[in-house]
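A short reminder: the numbers here are calculations on the coordinates, not readings from a lab. Keep in mind it's a predicted model, so treat the numbers as computed, not measured. Virtual Cβ from ideal backbone geometry, glycine too; neighbours counted across all protein chains shown.
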Amino acid sequence: MKKGLLVMLALLLLEGICYGEKPWLEMTYEERITLIKQEELAGHVVCEDLVMPTTSFGQYSYECRRRKELVEIEKEEAKRKAAIAKEEAKRRAAIARQPRDIQQLINSREIRLGMTKEQVLLSWGKPASINRSVGTWGVNEQWCYGSKTYLYFENAILTSFQD
């Protein structure tokens, strides 16, 4: 059996397409083989690993368009995974620059007073929201995690928390 037909059949299976009265999943093995032979006799040829009618060389069939969409989705997913891996590598490098005791806190997702904003970000991630107060004394920030946990920073140092 041609590779293109296998891909077409996989797409039919995923899309739940019906031929006549019966859905693909309800066809017997013999009915499926008959359908495949009919597709071959109807003039379908392999085009970019998929089946395309020979009568429409200028236009991709539904299967070709769907395959292109799936390839694009796979490319986007690969880009997303690469970006995640890059961010994780940055995070590991930032953790490695911290003192050993802070590394242990970050790896166990804990915080303690005196940590910097960077260290808290490495440990707990980004807060849901940040409230800032700026005055002659410096900058105070309240970081909100969820609805009941608040961290308070004075000049970028964790000075208190509330949970």
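With a simple spin-label model that places each label point 7 Å from the Cα along the Cα-to-Cβ direction, the separation between E154 and D101 comes to 2.0 nm. Net length available on complete extension from T34 to S133 is 28.2 nm, with 0.36 nm assigned per residue and the Cα-Cα distance removed.
The coefficient of translational diffusion for region 69-163, derived via Stokes-Einstein from the alpha carbon Kirkwood radius under 37 °C and 0.692 mPa s, stands at 216 µm²/s.
Shape of region 111-162 from its Cα gyration tensor (a ≥ b ≥ c, root eigenvalues): rounded if a/c is under 1.5, otherwise prolate when a/b > b/c, or oblate? Present the calculation step by step, with values, prior to reporting the outcome.
On the way: a/c = 1.81, a/b = 1.30, b/c = 1.39.
It comes out oblate by the Cα gyration axes.
For the peptides 116-128, 138-150, the ranking by mean Cβ contacts within 10 Å, running from highest to lowest, is 116-128, 138-150. In this label model, D163 and K86 are separated by 3.3 nm, measuring between points 7 Å along each Cα→Cβ vector.
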